[in-house]
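Okay, structure first, notes after.
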Amino acid sequence: LVRSTDNQTAQSRLDNILSGYFGNEEGGSLRNNPRLHVLAGDLRHSKFLLSLHDYNQLAGTIDAIYHCAANVNHIGLYHDFLADNVTATSHLLTLAAQQKQTPADFHFISTLSVAGSGLPNEFRLFTEYDFAPEEQDENYYVRTKQEAERLVIASRQELANSCIYRIGNISFATDSTKLQQNIAYNAFFRQLVAFMRLGVIPLELDASLCYVDVVAKALVTLANSNVLTNEIHHITTTRRERLASIILSTDGIADKIRGCDFSTFLKRVQAAIDEPQMELALADTVENFGLQTGRSLMTLLHGVEIASDRTQRMLDKFGITWPEIPQAGQNALLSAAMKKGRDH
């Protein structure tokens, strides 16, 4: 299913995506796979705007649904996030349950951000055994992914297997310098640009770069394991490099940005309020760090700890580990952020 008005346009849209990420030859091979059938649709509608024939054929033949679609912006209207992230999930769960005797497996791609933010003076460990917190997150993206997770958990009354995969900060592949095509909408990238504009970066932040090819391999491997049903997985890098160290070690950047402690960083953010040219960098920083909530410095830095030990132990058994950050991909990401910072 590809969001589009007709099948031909949907096919063209997918063609452009595959060629853009994998090149014309490999992208063409993927595009021409006889097992691939592209249908134009819209997940926000109950039957995806498909013909009755196409919907019924899907309902009667699918073995598994991998639900990757989402509105991942961090700024927007709540009803848009609700339609894209919650209503769409509900419609796909309904599709999965159409075969009453043998319902389809459901694999929901979520985010580690559903852990939410820590309460004042509270430390909380968020593991694969924990459901999304009940308190509503102020960020609409996070809130609607939490709501969607609750739907997936509830669906286990009808479905034999509905799993949740909470993914970390997805970045470039280990063997490529290709960046996300709509990278300008990526919250992590926007924050990198904001750091470049502000000229400072907190020394306490982890890089947490999750290479897209390792993420995909981990997800499919876990999904294909017959013994892992109705699970929640945390797929995120086990490496603990500091983001500031990576940025400051990249050629051409150290003279444009300096590392500092988080208190100094907050003072720089406060000073930027009076600088019109910093408006966008300030808005992204306030949103990404939740500064509008007035949480304490300790809560911002240490409120929630994400645990992924259980998932990684399983991945280790399958030989899936996280290599060092590839220099080529790192340079491509930071060069793009530096250029975007200049363009602002």
Item to check | Flag if residue 84 is within 14 Å of residue 145 (Cβ to Cβ) and charged (D, E, K, R) | outcome: yes
Item to check | All positions within the stretch 19-39 that are part of a helix (DSSP H, G or I) and open to solvent by less than 70 Å² (accessible area, probe 1.4 Å) | outcome: 19, 20, 23, 27, 28, 31
Item to check | Which numbered condition residue 165 fails, given (1) of a type in the set (Phe, Trp, Tyr); (2) at pLDDT 95 or above; (3) over 20 Å from residue 213 (Cα atoms) | outcome: (3)
Checklist entry - Can you spot a residue in the stretch 235-242 that is of a type outside the set (Lys, Arg), within 30 Å of residue 95 (Cα to Cα) and touching a Gly at 6+ places or on another chain (Cβ under 8 Å)? => result yes
Checklist entry - Which condition number in (1) at pLDDT 95 or above; (2) surrounded by 14 or more Cβ atoms within 10 Å (Cβ to Cβ); (3) touching a strand residue (DSSP E or B) at 6+ places or on another chain (Cβ under 9 Å) is the one that residue 64 fails? => result (2)
Checklist entry - Which condition number does residue 211 fail, the rest of (1) under 16 Å from the mean Cα position of the chain (by Cα); (2) open to solvent by 10 Å² or more (accessible area, probe 1.4 Å); (3) in contact (Cβ under 8 Å) with a residue 24 or more places away in the chain being met? => result (2)
Checklist entry - Do any residues in the stretch 78-95 that are under 12 Å from residue 46 (Cβ atoms) and β-branched (Val, Ile, Thr) have Cβ atoms under 9 Å from those of residues that are open to solvent by less than 40 Å² (accessible area, probe 1.4 Å) and outside any helix (DSSP H, G or I), where the two are at least six apart or on different chains, and which pairs are they? => result 87/43
Next on the checklist: Quick check on the stretch 91-112: of everything there that is open to solvent by 50 Å² or more (accessible area, probe 1.4 Å) and hydroxyl-bearing (Ser, Thr, Tyr), which residue is nearest to the chain's Cα centre (by Cα)?
Outcome noted: 94
Next on the checklist: Just to verify a result, which residue in the stretch 245-265, among those that are in contact with a Pro (Cβ under 7 Å, 6 or more places away or on another chain) and surrounded by 18 or more Cβ atoms within 10 Å (Cβ to Cβ), is nearest to residue 204 (Cα to Cα)?
Outcome noted: 260
Item to check | Tally of residues being open to solvent by less than 10 Å² (accessible area, probe 1.4 Å) and in contact (Cβ under 8 Å) with a residue 40 or more places away in the chain across the stretch 143-158 | outcome: 5
Next on the checklist: With polar (S, T, N, Q) and more than 29 Å from residue 18 (Cβ to Cβ) as the only criterion, which of 161, 186, 139 stands out?
Outcome noted: 139
Item to check | Search result, residues across the stretch 126-142 that are open to solvent by 40 Å² or more (accessible area, probe 1.4 Å) and modelled with pLDDT of 95 or more | outcome: 129, 130, 131
Next on the checklist: Against the condition open to solvent by 40 Å² or more (accessible area, probe 1.4 Å) and under 22 Å from the mean Cα position of the chain (by Cα), how does residue 239 come out, does it pass?
Outcome noted: yes
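The values are calculated or read from the model by the stated rules, or taken from the named source; none is laboratory data. The model shown is predicted, which means the values in this text are computed figures rather than measured ones. Don't worry about glycine lacking a Cβ; one is built from the backbone with ideal geometry, like all the others, and counts go over all protein chains shown. We work out accessible area using only protein heavy atoms, side chains counted, and drop any ligands, DNA or RNA first. Shrake-Rupley method; radii C 1.70, N 1.55, O 1.52, S 1.80 Å.
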